Amino acid sequence: MCSPSVWTDFTTDGFFPGEVLGPTIHTIPAPANHRAATSGVNVTFHGVRGSTPWHGPEIVRYGGNTSCVSIEVDGAAPILLDLGTGLRYFGAQQPVDVPFRGTCLLSHLHWDHIQGLPFFTPLLTEGAHVTVYAPVQDDGASVESVFEDTIKPPLFPVNLSYLPGQIDFVEVDNDEFVLDGGAHGEIRVMSRSIPHVGRTLGYRIEVGSTSIAYLSDHQQPCDGSLAATAGARELCDGVDLLIHDAQYTPDEFSVKCDWGHCTIGYGVWLAGECGAARVALFHHDPSHDDDQLDVLSAEAAAAGEALGGEVFAAREGLTVSLGS
């Protein structure tokens, strides 16, 4: 289980949450897991930005699309983590000769996590089928009704029901369920409520002995302290890859502490606390350009190395290959 003993000999040197750790570094080498996809479990980042998409020459290396990650397992239908604008680019890579079938684990219903759905071209094919797991809403509204009220005139040219493909919505809370993993057997999924603004879930996905945790939007205690809910710890415990909110610097967090996010250092702390092997910094703030993300990720990588783990900044097109 997550244990604070991991931190016994670690000196924060102000990284959590004060001054930055180590020298200013403007370039970093590609992480060890930045390699071509292999057999097993492949995690690919299609959108890594938080809050709003961004376009410009200053963000070409990390990308400006909002949250969308795919998990591909040999012989199984793809699993999507969120439906941000990066979904459009995932969709463009899908075969056109067979209808798409897949699953989405949706963290929450904020715009930046659902904007890509009406632009997901595989849904323009008859027979396409996507099952969306999403959090139960506090006001009792169904997730399906929220999407229907959002994707319709005058907010969008057509209704969601106009798309030829089928979308099924499944509402979950603090649950465990399984997906078909083909030759790998059952893919086990755990969903847990995590603090953000509005009902939000984190997910843990297990394929055989390989585990991935996804906490895209995760509220740190507003006083800047290092504490996490039991649910967040359960999701992150000993995972091979933790994809975690990395929206703010300490200075930014000090004026936006109740906006539902955390510092980069908080995600690195949680990884060390829970024994995660690798951390992908995710949900980058739209104001952080490539050069700034180079610096921030290098500082975080130094902190992660002190804990015996690997920390890197997610970027569009990066595939992380894990054993299965």
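Here are some notes:
- Residue within segment 282-298 that is closer than 21 Å to Gly198 by Cα and more than 19 Å from the chain's Cα centre (by Cα) present: no
- Residue pairs meeting the criteria (Cβ under 6 Å; at least 6 apart or on separate chains; first under 11 Å from Pro221 (Cα atoms), in segment 244-270; second surrounded by fewer than 18 Cβ atoms within 10 Å (Cβ to Cβ) and of a type in the set (Ser, Thr, Tyr)): none
- Top-ranked residue in segment 66-87 [being farther than 16 Å from Ala280 by Cα and touching a residue at least 60 places away in the same chain (Cβ under 8 Å); ranked as farthest from the chain's Cα centre (by Cα)]: Gly75
- Looking at segment 139-239, the strands (runs of 3 or more DSSP E) lying wholly inside it that each contain 2 or more residues that are among the small types (Gly, Ala, Ser) and surrounded by 13 or more Cβ atoms within 10 Å (Cβ to Cβ) sit at 186-193, 210-215.
- Some residue of segment 81-96 being of a type in the set (Gly, Ala, Ser), touching a Gly at 6+ places or on another chain (Cβ under 7 Å) and closer than 26 Å to Gly260 by Cα: yes
- If the condition is being of a type in the set (Phe, Trp, Tyr) and closer than 18 Å to Val255 by Cβ, then segment 210-234 contributes no residue at all.
- Among the residues of segment 269-303, those that are part of a loop (DSSP other than H, G, I, E, B) and under 13 Å from Arg49 (Cβ atoms) comprise His283, Asp285, Pro286, Ser287, His288, Asp289.
- Residues that are under 13 Å from Thr66 (Cα atoms), in contact with a Ser or Thr (Cβ under 6 Å, 6 or more places away or on another chain) and in a helix (DSSP H, G or I) within segment 79-118 comprise Phe90, Asp112, His113, listed in sequence order.
- Count of segment 307-320 residues, restricted to those that are modelled with pLDDT under 95 and surrounded by fewer than 18 Cβ atoms within 10 Å (Cβ to Cβ), is 1.
- Residue match in segment 297-305 (condition: at positive phi and buried (at least 22 other Cβ atoms within 10 Å of the Cβ)): no
- Within segment 305-323, residues that are under 14 Å from Leu242 (Cβ atoms) sit with their Cβ atoms under 7 Å from residues that are charged (D, E, K, R), at 6+ positions apart or across chains, in these pairs: Gly309/Arg278; Glu310/Arg278; Leu322/Asp240.
The values are calculated or read from the model by the stated rules, or taken from the named source; none is laboratory data. This is a predicted model, so every value here is computed, not measured. Ideal geometry is used to build each Cβ from the backbone, glycine not excepted, and the neighbour counts take in all protein chains shown.
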